[in-house]
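One structure is given here, and the rest of the page talks about it.
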Protein chains: 4
Amino acid sequence: MELDLQLYSVRTDLALEAREMAQGPTKSPIPGVNEEVEESDGIKITRLGVATPAGSQAIGRAIGNYVTLEVPGLRGGDTGLQQKVAEAFAREFEGFMTRIGIGKDSSALIVGLGNWNVTPDSLGPLVVENALVTRQFYELVPDQVSPGYRKVSAIAPGVLGLTGIESSEVVQGIVDRTKPDVIIAIDALASRSLERINTTIQIADIGIHPGSGIGNKRRGLTREVLGVPCIAIGVPTVCYASTIVNNVLEMMKSHFGQGAPTKEIMGMLDDISEQDRLTLVKEVLEPLGHDLIVTPKEIDEFIEDIANIVASGLNAALHEAVDPTNVGAYTH
Amino acid sequence: MELDLQLYSVRTDLALEAREMAQGPTKSPIPGVNEEVEESDGIKITRLGVATPAGSQAIGRAIGNYVTLEVPGLRGGDTGLQQKVAEAFAREFEGFMTRIGIGKDSSALIVGLGNWNVTPDSLGPLVVENALVTRQFYELVPDQVSPGYRKVSAIAPGVLGLTGIESSEVVQGIVDRTKPDVIIAIDALASRSLERINTTIQIADIGIHPGSGIGNKRRGLTREVLGVPCIAIGVPTVCYASTIVNNVLEMMKSHFGQGAPTKEIMGMLDDISEQDRLTLVKEVLEPLGHDLIVTPKEIDEFIEDIANIVASGLNAALHEAVDPTNVGAYTH
Amino acid sequence: MELDLQLYSVRTDLALEAREMAQGPTKSPIPGVNEEVEESDGIKITRLGVATPAGSQAIGRAIGNYVTLEVPGLRGGDTGLQQKVAEAFAREFEGFMTRIGIGKDSSALIVGLGNWNVTPDSLGPLVVENALVTRQFYELVPDQVSPGYRKVSAIAPGVLGLTGIESSEVVQGIVDRTKPDVIIAIDALASRSLERINTTIQIADIGIHPGSGIGNKRRGLTREVLGVPCIAIGVPTVCYASTIVNNVLEMMKSHFGQGAPTKEIMGMLDDISEQDRLTLVKEVLEPLGHDLIVTPKEIDEFIEDIANIVASGLNAALHEAVDPTNVGAYTH
Amino acid sequence: MELDLQLYSVRTDLALEAREMAQGPTKSPIPGVNEEVEESDGIKITRLGVATPAGSQAIGRAIGNYVTLEVPGLRGGDTGLQQKVAEAFAREFEGFMTRIGIGKDSSALIVGLGNWNVTPDSLGPLVVENALVTRQFYELVPDQVSPGYRKVSAIAPGVLGLTGIESSEVVQGIVDRTKPDVIIAIDALASRSLERINTTIQIADIGIHPGSGIGNKRRGLTREVLGVPCIAIGVPTVCYASTIVNNVLEMMKSHFGQGAPTKEIMGMLDDISEQDRLTLVKEVLEPLGHDLIVTPKEIDEFIEDIANIVASGLNAALHEAVDPTNVGAYTH
């Protein structure tokens, strides 16, 4: 819990960023946290494993597996690149499921968290709209389902302010009745760095924890709560004004080099730890009510593109009959 | 079941129309079915009680209470009339709840059935969007809730084709976990007469039965299934091409009088029963795949207006603190 | 003018239907009207030429060229067929432009008529949203435009009720300033037969005439008014309740054969001309305000699909560099 | 031109902010720029007059009249306050028109600039949707128009990237044909301070200048270009990441006082001028492509609320028969 508050204070939902912050500028390895990086076609894939309580403590993230796809070029709106990212995401997601023991015939419930009326929070509902759902055929005409598919259902449970019901309660009710083998929860996240917004996808097997995400999801969607594994897919779509400032001051330090001039230019802002600097910035902004959560101006297009990538990738990863090269046909 | 098929064949979801068809042109009373009609301000309210198995058999509707508001003027888009209808609906709904024994403190779950991507089927989800939900305050800050409200939650469970899950299963899961005292289910209906489309609201305490409505809701939302009473609110938003033709032929008969000329003009179409005539029309249309379900061209505006009326009326009926004259402030 | 009223009374915007009605059941050729029919892959293409004043008089349509694509299967939502129709439409449109003398380098202004808030009337604005516009590049960086494109601009002028300005005035203002070589106007139409709704595309070189279309476009978009040729692309998306009834009665006649039984079954409705029958039906419906204009329940999806077909086809026909097989990439 | 670039470099479209920046911390009056401030009900109204070339030069704004409404509380979503702001805006706008000589019977063309597909840029089109247009009645049934109205038309010309036509060209074409007496152009703006986003409305009689606004509007909408006066209404809905950083550093200076500690804490960032600091921040961000334009996460709701305020206010200011207390009835 204490950990949680601390994490919240740096305001990132990405394990990658939590690790970077824990490492600091030295970038020395953290015991109990292993990492594998792969890069091609402008897509950087980082597979992070938090293996021990010490590792978990060090980066403030639960023990588990985390895969991150970073694609700075995504912001350019290049449809060819989007296709490649969907394929890479499909491969990674399939591999991820295998590694954590989800079989090819396991049934899945896709949960699209977030609020469809708030563009940067609408990722989950948009992915649900484009998911290839098949459970109805298994229920109604089980002997007519072609091979190459698995049983998939999908729901956007809404947010507490609109339904009066925690999304976790809606999901638990559905899990109780429909008994899926795995939950795949999609959510919009907050990032601490501007460049990761709308360019990064995280897959994690630790579910959705209270206080994560940008909406109201107090009770978690975790294996402990639901009784089945819960894979979380998250994309940062917003950040705090304070983290932008902090992020830019950090960039200034790199920009001016690590030597004396930085101190001269930035005064104490150069010396203090990132955490202290952020506290300082928040101290200035919050009393004025200006620590807004912001999102890029082009969010409408970004969110649609990334939702298509995630939905296409999921459809290909979940159904063998859906080919990564023709996934488009299954989304709007 | 047999009854059901027969009902489906006349394609109405309105008890009022079922009764009219059972009565035929003579309009003689039906034993076991009592009726009370009230009319003012262009709003005609019919309270129908199906009291006995014989009555139920005669009109092909379950034993229960049915209230219908008919407002031909609604199609004119007059905001003053809309306000009056919202108030009348609030009064009727409140009275209806009292009559069937739902107390002022009973908690309610509003269920918006239908598909938000299909305009004439989006009534339920639109009402949910505009419902005043309060359950979260009772859960999180129970001692801070002002008097004059009751515990209300609301969900749009989606349709089978989009979620892979029957909406009744979603609702049952939520009912199991949140234990509301009453379900209020809103659904778009099919009508057999053009003039009732978007001008009629039906309240009934028999829940939603399989095969009713225009979407995919095979399992019912009824007291038997859910364990709590279920009030259904329905508005006809579509009709079949075949029922339009049938309806117009019926109007022709009235138009030309009941005498010989009708026979001359309409041949056998005049003689045969409404049911036989409909069968004939369908026989012509269906092989060609032309028995389309149609909706008025102005459906976008109609559905928004009627959803506002129902949501405003519900908000006023469910919460004493919401005044019928200021309900607008609680809807978008 | 008189002609116009008569045409309006049968309520079709399709030359094909006007010709069918003029021919009657005998289907004998009409002097001054020539026709060429081609059918493959479930797509029926009719090229109609109204060559003489007598022909024009006979079918109540202006002298000019009319091409109609009829694709009954379109209602099935088959994406493969949609792709084929887009390609066929592109070919026909390109041929049409060549036949009427529009060169490969002629600049075009696409005009999307209709009201984006009324789903069945939103075809024009939707096509404009998906049109590949290039004029800005020719204006700003003329030497950087790749070969294989032409100068295309696009506008949705709105409807009189929303703007206070006739769409023809908006278009004329833009034509005066931007001097396109040809106008391509897209509009939703009314049909007299149920089966043509959302399954038919008409191309005509006679522009948009007063009283055509389902919206408010009193002044025309014609060569006479604008000073440049105006090609109209229309898709029927609605029909009147009265034409449905009339249409079904017609189908009944065919269904029961041409002999005695029809007379017996349908009385005078069998004998009288289609026009008289329609007058009769309207006489019954209009005083009650029930001669609604209706559209199929699935209009949201239909209109999106057909707008994509038209936009993809136009993009391929207007720009050589856009290949009919990859047109999809240029639309949303 | 040089001025313009400089202005662009500080990235504000608000005259108020330009004046603040020109004044610097001393807040001494600027010759040739007069100001009147009024505050009540949480609404601060500043009437700024730029009277002389020297004044214009000093603040980098054209000679003219500028009225700004600042309402920090607007972000709270309080509908009572929104109503008050609409009334205050209506009063100010009416007064503004009188001061610059626009009579009560002058006809007006409302121009909604911006892109309806980009939420923070959709203010103009949204206001147009809710404007009470009447011109069609003056054209079609001039003798039936009630007193208390004036001739108003409204158009959303789209953006260059979607239409291929400069919005100024579209507007000029319409002005040429419909001859309005005054243009009222609505546009989303960029602000240099976080707290003004979605809480500020500016009215100015200088039209829309090239390079202003957040979209593509290279040619201006000015009296010189159009031949009629052009009043611009602007609301800041976005800001640059770099201006957020700069803005926060400025706030830090105030926060820590003007003395020695600031220097210690902020190093050179404290000393240098705002302009130099901004240049520094941009130097860091731009090469990385991270000087994003951002908008608050809640932009969907904000933009709808503020569009309603502006439309309601305009409707009341333009039509005497529309009462500031019942303006709501004329907007969606």
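The values are calculated or read from the model by the stated rules, or taken from the named source; none is laboratory data. Given the structure is predicted, the values throughout are model-derived calculations rather than measurements. Cβ sites come from the backbone with ideal geometry, for glycine too, and all protein chains shown count toward neighbours. Heavy atoms of the whole protein, side chains included, go into the accessibility calculation; ligands, DNA and RNA do not. Shrake-Rupley method; radii C 1.70, N 1.55, O 1.52, S 1.80 Å.
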* Collect the residues in the range B:126-176 that are hydroxyl-bearing (Ser, Thr, Tyr) and either more than 7 Å from chain A (Cβ to nearest Cβ) or farther than 15 Å from A:Gly164 by Cα (or both), keeping them in residue-number order. => B:Tyr138, B:Ser146, B:Tyr149, B:Thr163, B:Ser167, B:Ser168
* C:Thr98, sole failed condition from (1) out of contact with any Lys or Arg (no Cβ under 7 Å at 6 or more places or on another chain); (2) over 18 Å from C:Ile206 (Cβ atoms); (3) among the polar types (S, T, N, Q) -> (2)
* Determine the pairs where a residue that is touching a residue at least 24 places away in the same chain (Cβ under 8 Å) and on the phi > 0 side of the Ramachandran plot, located within the range B:55-78, has a partner that is in a strand (DSSP E or B) and crowded, with 18+ Cβ neighbours inside 10 Å with Cβ atoms under 7 Å apart, the partner being 6 or more residues away or on another chain. => B:Gly64/B:Val50; B:Gly64/B:Ala204
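What's the total number of residues in the range A:117-144 that are within 17 Å of the chain's Cα centre (by Cα) and under 23 Å from B:Ser168 (Cα atoms)?
First, pick out the residues of the range A:117-144 that are within 17 Å of the chain's Cα centre (by Cα): A:119-128.
With the extra rule that they be under 23 Å from B:Ser168 (Cα atoms), the set shrinks to A:124-128.
Residues that pass the stated criteria total 5.
So, C:Glu87, is that one among the charged types (D, E, K, R), farther than 17 Å from C:Ala311 by Cα and in contact with a Ser or Thr (Cβ under 8 Å, 6 or more places away or on another chain) or not? Can you show your working first?
On the way: among the charged types (D, E, K, R): yes; farther than 17 Å from C:Ala311 by Cα: no; in contact with a Ser or Thr (Cβ under 8 Å, 6 or more places away or on another chain): yes.
When the stated conditions are applied, C:Glu87 does not pass them.
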* Scanning for something within 14 Å of chain D (Cβ to nearest Cβ) and at pLDDT 95 or above, does the range C:90-108 turn up at least one residue? -> yes
* Residues in the range A:130-177 that are surrounded by fewer than 22 Cβ atoms within 10 Å (Cβ to Cβ), touching a helix residue (DSSP H, G or I) at 6+ places or on another chain (Cβ under 7 Å) and acidic (Asp, Glu): how many? -> 2
* Asked: On the given criteria, is D:Gly77 buried (at least 23 other Cβ atoms within 10 Å of the Cβ) and under 21 Å from the mean Cα position of the chain (by Cα)?
  -> no
* **So B:Asp187, is it more than 14 Å from chain A (Cβ to nearest Cβ), touching a residue at least 24 places away in the same chain (Cβ under 8 Å), open to solvent by 20 Å² or more (accessible area, probe 1.4 Å) and closer than 26 Å to B:Lys104 by Cα** => no
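Among the candidates D:Ile272, D:Ile197, which residue alone is within 12 Å of chain A (Cβ to nearest Cβ) and at pLDDT 85 or above?
On the way: D:Ile272 fails: at pLDDT 85 or above.
Every option except D:Ile197 fails the conditions.
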* Collect the residues in the range B:221-257 that are modelled with pLDDT under 85 and away from chain C (no Cβ under 12 Å), keeping them in residue-number order. => B:Gly257
* To do: Take the range C:110-121 and flag every residue that is in contact with a Gly (Cβ under 6 Å, 6 or more places away or on another chain) and at the interface with another protein chain (Cβ under 9 Å from one of its Cβ atoms).
  => C:Asp121
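Could you grab me the full set of residues in the range C:292-321 that are among the small types (Gly, Ala, Ser) and in a loop (DSSP other than H, G, I, E, B)?
Initially, the range C:292-321 is screened for residues among the small types (Gly, Ala, Ser), giving C:307, C:311-313, C:316-317, C:321.
C:Ala321, the sole residue that qualifies.
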* Give the range C:86-121 a look and list any residue that's closer than 30 Å to B:Ser122 by Cα and either open to solvent by 30 Å² or more (accessible area, probe 1.4 Å) or among the β-branched types (Val, Ile, Thr) (or both), or say none. => C:Trp116, C:Asn117, C:Val118, C:Thr119
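Using the structure shown, decide if D:Glu301 is open to solvent by 10 Å² or more (accessible area, probe 1.4 Å), more than 7 Å from every other protein chain (Cβ to nearest Cβ), under 27 Å from D:Ala88 (Cα atoms) and of a type in the set (Asp, Glu).
Values: open to solvent by 10 Å² or more (accessible area, probe 1.4 Å): yes; more than 7 Å from every other protein chain (Cβ to nearest Cβ): yes; under 27 Å from D:Ala88 (Cα atoms): yes; of a type in the set (Asp, Glu): yes.
Judged against the criteria, D:Glu301 is a match.
Just checking, how many residues over the range B:177-202 are hydrophobic (A, V, I, L, M, F, W, C) and within 24 Å of A:Gly161 (Cα to Cα)? Steps first, answer last, please.
Step one: list which residues in the range B:177-202 are hydrophobic (A, V, I, L, M, F, W, C), which gives B:182-186, B:188-190, B:194, B:197, B:201.
If we keep only those that are within 24 Å of A:Gly161 (Cα to Cα) as well, we get B:182-186.
Residues meeting the conditions: 5.
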